[in-house]
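The values are calculated or read from the model by the stated rules, or taken from the named source; none is laboratory data. Nothing here was measured: the structure is a model prediction, and the numbers come from that model. Counting neighbours? That spans all protein chains shown, and the Cβs are built from the backbone with ideal geometry, glycine included. Just the protein is used for accessible areas: all its heavy atoms, side chains included, with ligands, DNA and RNA removed. Shrake-Rupley method; radii C 1.70, N 1.55, O 1.52, S 1.80 Å.
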Amino acid sequence: MNALRFPDDFVWGAATSAYQVEGATTEDGRGVSVWDTFAAVPGNVKDGDTGDPGADQYHRYPEDIELIADLGLSSYRFSIAWPRIQPTGSGKPNQKGIDFYRRLVEGLVERGIRPMATLFHWDLPQELQDRGGWENRDTAARFADYAEIMFDALHIRDWLTINEPKTVVDCGYRFGSHAPGFEDDARAFVACHHLLLAHGLATRISHERHPGRRIGPALNLHPTYPVDDTQEARQAARLQDGVENRLYLDPIFKGFYPEDTLRWISERSPMRDHILEGDLATISEPIDILGVQYYTPIYVNGDMERVHVHPRAQAEWLEIYPEGFYDILVRLKTDYPGVPLVITENGLPTTDEPGPDDRVRDVGRIEYLRDHLSAMHRAMKEGAQVEGYHVWSLLDNFEWAEGYSQRFGIVYVDYSTQRRIPKDSALWYRDVVKSGELR
Ligand code: IFM
């Protein structure tokens, strides 16, 4: 193919999250998070893995900053562990926690790398969970307090509020595969409303206290398609789109919940009763950036059951379909225009291990990244306002219920020594970043 050229000011980055890479879960006053609790229960996480050691970024962040710089990246997206800042989820901040993120941010800035901070990537302080977690409206207010602490503590331009609220709702509350581990639609959608409220409250505070900064949510968007051309499948796909995408995009961009989705939810959950006057105005506080995470399309049959159509990655939920990335970006341009998009995650796990020469030949990842970057480039040419891309992930890390068995990193982590080995995909990505071209 002809080389595809990206704009000179395009931002190339990589992403991680606190619980997945930091380790050090009991150090320097960090409180217990729902993920510590969940992972401690036998059977919840593959092989009994937990957030320790992670990739030990809590101690090895200087090395990781060098790694990011060596790859030529201009942005690093990380998340802040709320329990490091407020060990019980409220009250006086823990200075040691704040200091860690200050050091990380300073180190990045010194190397010319833009920090992009996510406030919540699923590690809710356990004490807040004990008081009802996201089902409790008060958790949104506590989140706003925590956000305010961090906004004042760190000099960062770009912020993300909640990472993938849908995954918390679906995996955490509907399917029970993530913390807090419930299988209860009734509770799930109440939690959904409060997660969105928390997003809106924090966004408003950022605007009031720090005008000039940018803030938005990080949403995992799944283009949905009917598996065949029957009217039933087409209707089901439309409703699935409501549950996957519009349930989050409509209130944030337009100030209302989609009526068809709300009707479907009302058959399962008292969510409507929890939407108080003024909530939607808060949730639709204008955002300055939208974090877009793309992994997979969702195909459904007439009964709204998922059907797998494309080849799957080691993560079985992930169907490899770059065209879905193009579709979702173009759809955002049409249905939710006006806000710059930053790709905050895109990637896949592979099973490649280092050879005797220490090389990790992850050709599948290179092919995946090339195809997805190409789809993104095409969407940009057609007007999608994408200003940056972060591969998920910088490092192999704790992949939630899959533990350390799925490696999403472009850099291999030997968990027994914590040695980092850039995979072939990292070197390939470095060349794309350096040249600004996809070949
Ligand atoms: O590892 C996760 C990340 O925490 C959130 N988005 C999806 C990734 C892969 O499953």
TODO: Working carefully through the options SER284, SER266, find the one that is of a type in the set (Ser, Thr, Tyr) and over 30 Å from ASP9 (Cα atoms).
DONE: SER266
TODO: Considering only segment 1-90, give the helices (runs of 4 or more DSSP H) lying wholly within it that have at least 1 residues that are modelled with pLDDT of 95 or more and surrounded by fewer than 24 Cβ atoms within 10 Å (Cβ to Cβ).
DONE: 34-39, 57-70
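Being in a helix (DSSP H, G or I) and aliphatic (A, V, I, L, M): is that true of LEU276 here? Steps first, answer last, please.
Numbers: in a helix (DSSP H, G or I): no; aliphatic (A, V, I, L, M): yes.
Against the criterion (in a helix (DSSP H, G or I) and aliphatic (A, V, I, L, M)), LEU276 does not qualify.
Please go through segment 333-349 and pick out each residue that is more than 16 Å from the ligand (Cβ to nearest atom) and either under 14 Å from ALA218 (Cα atoms) or under 15 Å from the mean Cα position of the chain (by Cα) (or both). Quick ask: steps written out before the conclusion?
To start, the set of residues in segment 333-349 that are more than 16 Å from the ligand (Cβ to nearest atom) comprises 333-341.
Listed by number, the residues that qualify are VAL339, PRO340, LEU341.
Conditions (1) under 20 Å from ASN163 (Cα atoms); (2) in contact with a Phe, Trp or Tyr (Cβ under 8 Å, 6 or more places away or on another chain); (3) touching a residue at least 12 places away in the same chain (Cβ under 8 Å), marked per residue:
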| site | (1), (2), (3) |
| --- | --- |
| GLY13 | yes, yes, yes |
| VAL21 | yes, yes, yes |
| GLY29 | no, no, yes |
| VAL45 | no, yes, yes |
| GLY51 | yes, yes, yes |
Open item on the list: Can you find, within segment 386-416, the residue that is most open to solvent (accessible area, probe 1.4 Å) among those that are more than 14 Å from the chain's Cα centre (by Cα), within 15 Å of the ligand (Cβ to nearest atom) and among the acidic types (Asp, Glu)?
Closed with: GLU402
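Please pick out the residue among ASP99, ASP28, ASP56, ASP8 that is among the charged types (D, E, K, R), more than 22 Å from the chain's Cα centre (by Cα) and at positive phi.
Among ASP99, ASP28, ASP56, ASP8, only ASP28 is among the charged types (D, E, K, R), more than 22 Å from the chain's Cα centre (by Cα) and at positive phi.
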Open item on the list: What's the total number of residues in segment 417-439 that are closer than 18 Å to GLU22 by Cβ and open to solvent by 50 Å² or more (accessible area, probe 1.4 Å)?
Closed with: 2
TODO: Name every residue in segment 279-319 that is open to solvent by 50 Å² or more (accessible area, probe 1.4 Å), within 16 Å of the ligand (Cβ to nearest atom) and part of a loop (DSSP other than H, G, I, E, B), in order of residue number.
DONE: GLN314, GLU316, TRP317
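Residues to consider are ILE366, ILE328; find the one that is part of a helix (DSSP H, G or I), farther than 30 Å from ALA40 by Cβ, within 16 Å of the ligand (Cβ to nearest atom) and touching a residue at least 24 places away in the same chain (Cβ under 8 Å).
None of the others qualify; the one that does is ILE328.
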TODO: Among what's in segment 124-176 and is among the β-branched types (Val, Ile, Thr) and part of a strand (DSSP E or B), pick the residue that is nearest to the ligand (Cβ to nearest atom).
DONE: ILE162
- [ ] Please give the number of the condition ALA236 fails out of (1) within 16 Å of the ligand (Cβ to nearest atom); (2) part of a helix (DSSP H, G or I).
- [x] (1)
Task: Enumeration of residues in segment 320-341 that are open to solvent by less than 10 Å² (accessible area, probe 1.4 Å) and either under 25 Å from VAL411 (Cβ atoms) or touching an Asp or Glu at 6+ places or on another chain (Cβ under 6 Å) (or both) - done: PHE325
Task: Matching residues, segment 257-273, being assigned to a loop (DSSP other than H, G, I, E, B), surrounded by fewer than 17 Cβ atoms within 10 Å (Cβ to Cβ) and in contact with a Phe, Trp or Tyr (Cβ under 9 Å, 6 or more places away or on another chain) - done: ARG268, PRO270
Task: Qualifying positions in segment 71-94 - among the polar types (S, T, N, Q), touching an Asp or Glu at 6+ places or on another chain (Cβ under 9 Å) and more than 13 Å from THR118 (Cβ to Cβ) - done: GLN86, THR88, SER90, ASN94
Task: Failed condition for VAL360, given (1) part of a helix (DSSP H, G or I); (2) more than 28 Å from LEU247 (Cα to Cα); (3) open to solvent by less than 10 Å² (accessible area, probe 1.4 Å) - done: (1)
